[in-house]
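One structure below.
Each reported figure results from applying straightforward, stated rules to the coordinates on display, with no laboratory input. In this text, all values refer to a predicted model and were calculated from it rather than measured experimentally. FYI the Cβ positions are ideal-geometry reconstructions off the backbone, even for glycines, and counts take in every protein chain you see.
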Amino acid sequence: MSDLKVTLIQTNLHWENVEENLRMFDDKINAINERTEVVVLPEMFSTGFSMAPERLAQTMDGSAVQWMKKKAAEKNIILTGSLIIEENGQYWNRLIWMQPNGVYGTYDKRHLFGFGGEHEHYQTGDKRLIASVKGWKVCLTICYDLRFPVWSRNTIMPETGAPAYDVLINVANWPERRSTPWKTLIHARAIENQCYAIGVNRVGNDGNNIYHSGDTSLIDPLGEIIYRKSHDEDVFTTTLDRSRLDEARKNFPFLKDADKFQVF
């Protein structure tokens, strides 16, 4: 199975300004000079982490999703990140996995950040999304989900004998004041699930004057830090080595000893 090239975009966001954020990401993606296959944007990348969905939400036919569709096709990439989406009069913090052919998958955030009142404005998702690209399985999560390891637990699939996924992606607006948990949890998710773990966070102050240090990270299946960036904006492209993953699982087959459980 071939390697996978990914790009992680850590950036400040224009508070509650969809047009400016789409223009900014357009410029950043256009400036990527090397070939890449998956580009990861932060949580609520078009607005910042806002509790004003009544003003900011778009439908799945809105300008942000249409921009994702156009950009994925233009650059022949998979583009992923979360948006504020309205559907049937309800609001969702929804991650979009947009493929170059315009076909997309969606994941609605399971764990809403009650401390920040997210549960008062958004609906709770109840289904995982594990996407596929070049034979890689990718489990997609959003910010606060990172604190709840059962939701992203990797398991051996009985029909294939292989783990359910190979890469865990978490897109976030995770404040600097809780950066130690962020760095610790993304590290733990990689080790316990024997996968590559990618956490893409924003930087800078949001509209509530909450500072974000980024700490966007890429951790390998044995817990080695391949990439971590703090405070500064950055666009980082690298290759996920399939042999590195396969070798780790072969030499240390821990997943087969995990407890069996159900999530309700």
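Can you compute the modelled spin-label distance between Lys70 and Asn101, with each label point 7 Å from Cα toward Cβ, in nm?
A separation of 2.3 nm, rounded to one decimal place.
Just report the Cα centroid separation between the range 1-26 and the range 204-237, whole Å.
Result: 13 Å between the Cα centres.
If the limit is 32 Å between Cα atoms, which of Lys71/Lys229; Lys71/Lys250; Lys28/Lys256; Lys229/Lys250; Lys183/Lys256 go over it?
Checking Cα-Cα distances, Lys71/Lys250; Lys28/Lys256 exceed 32 Å.
Which whole-angstrom value gives the distance between the alpha carbon centres of the range 49-94 and the range 136-176?
Taking the Cα centre of each part, the range 49-94 and the range 136-176 sit 21 Å apart.
Tell me what the chain gives for mean residue ellipticity at 222 nm when only DSSP H runs of n ≥ 4 count, each as -39,500 (n - 2.57), the sum divided by the residue total, rounded to 500 deg cm²/dmol.
Theoretical 222 nm ellipticity from helices: -6500 deg cm²/dmol.
With charges set only on the Cβ (+1 for Lys and Arg, -1 for Asp and Glu), what does the dipole of the range 4-253 come to about its Cα centre, in debye to the nearest 20?
Dipole magnitude for the range 4-253 comes out near 620 debye.
With a 10 Å cut-off between alpha carbons and a GNM built on the chain, which of Pro53, Pro42, Pro221 moves the most?
Of the options given, Pro53 has the highest mean-square fluctuation.
Among the aspartates and glutamates, select those whose C-alpha is under 12 Å from the C-alpha of Lys109, and discard any that sit fewer than 8 residues away in the same chain.
Filter leaves Glu43, Glu118, Asp126, Asp145.
Based on DSSP loop calls and a cut-off of at most 16 other Cβ atoms within 10 Å, the longest stretch of the chain free of exposed trypsin sites (Lys or Arg not before Pro) is what?
Longest run free of exposed loop sites: 135-259.
Using the beta-carbon distance between Glu159 and Asn209 and R0 = 35 Å, what value does 1/(1 + (r/R0)^6) give for FRET efficiency, to the nearest 0.05?
0.10
Can you give me the Rg/Rh ratio for the range 4-253, using Cα atoms for both radii and the Kirkwood formula for Rh?
My calculation puts Rg/Rh at 0.94.
I'd like the FRET efficiency for Glu87 and Gln262, computed as 1/(1 + (r/R0)^6) with the beta carbon distance as r and R0 of 22 Å, rounded to 0.05.
0.20
Among Pro149, Thr180, Phe113, flag the residue with its Cα farthest along the positive direction of the charge dipole of the range 40-188, charges on Cβ as +1 for Lys/Arg and -1 for Asp/Glu.
Thr180
Taking a ≥ b ≥ c as the square roots of the Cα gyration tensor eigenvalues, with a/c under 1.5 meaning rounded and otherwise prolate when a/b beats b/c, else oblate, which class fits the range 189-264?
The shape class here is oblate.
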